[in-house]
Amino acid sequence: MLRKIITKLHSKMQHTSHLCFLSGIGHTPITTREDNNLEIAIHRETSMSPALPEDDTPGGRIRRARLEKNMMLVDLAAATGLSVRSLRLAEQNKTTVSPPNLRRLSEALAVPIAYLGCFENLPEQTLGQRIKKARLYHGYNKREFGEILGVSRRMIVGWEKDEYQPSKKYMERLDTFLAILH
């Protein structure tokens, strides 16, 4: 008899805590709108997160794009192969997302890589700065970009730091990537 009472009490406690979570107690308030014609109550969560519309950081942009697609973190994780934890840290700007992972996010969220990375804010006064910006706009890390161009990762680093100038042969290859900046 005592076991049945404890089981019922435990079940009610779990149900209550689940309802508190669903009702948004603590973090996310829920607004309710009733449709008078059909007598149906519609519940929609309203965000109280740090990623408000004025959050123009990479994390804020990732979160905004995800919410516009009505995706939860777990949905985005499934679509990209990234972990929920790494996505959460990225949205909180506690970690930087690598260019290959920005490509994945860009595809899943159907937004440009440059938008997610806030790359429009990067300078482009020197050739090295333009090379770096174009590489990031395309979503490549230095190793990948070097493989595409047929040079070493170290050469890409040197170009981006303006330590070296690309030869005419490589400038012709780079021009196709630099075109994205115009």
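The values are calculated or read from the model by the stated rules, or taken from the named source; none is laboratory data. Model, not experiment: these values are computed from the prediction. Cβ placement follows ideal geometry from the backbone for every residue including glycine, while neighbour counts extend to all protein chains displayed. Side chains are part of the model used for accessible areas, which takes the heavy atoms of the whole protein and leaves out ligands, DNA and RNA. Shrake-Rupley method; radii C 1.70, N 1.55, O 1.52, S 1.80 Å.
For segment 124-171, how many residues are within 26 Å of Ser106 (Cβ to Cβ) and among the charged types (D, E, K, R)?
Qualifying residue count for the region: 11.
Return the residues of segment 138-182 that are open to solvent by less than 30 Å² (accessible area, probe 1.4 Å), part of a helix (DSSP H, G or I) and without any contact (Cβ under 8 Å) to a residue 40 or more places away in the chain; say none if nothing qualifies.
Selection gives Phe145, Gly146, Leu149, Ile156, Val157, Gly158, Trp159, Glu160.
Which of (1) at pLDDT 95 or above; (2) within 12 Å of the chain's Cα centre (by Cα) is the odd one out, the single condition Cys118 does not satisfy?
(1)
Is it the case that some residue within segment 71-88 is over 28 Å from Asp55 (Cβ atoms), part of a loop (DSSP other than H, G, I, E, B) and open to solvent by 30 Å² or more (accessible area, probe 1.4 Å)? Break it down into steps so the answer makes sense when it comes.
Residues of segment 71-88 that are over 28 Å from Asp55 (Cβ atoms), as a first pass: none.
The answer is no; no qualifying residue exists.
So which of Arg135, Arg130 ends up being of a type in the set (Lys, Arg), open to solvent by less than 30 Å² (accessible area, probe 1.4 Å) and within 25 Å of Asp56 (Cα to Cα)?
Working: Arg130 fails: open to solvent by less than 30 Å² (accessible area, probe 1.4 Å).
Just a single option satisfies the conditions, and that option is Arg135.
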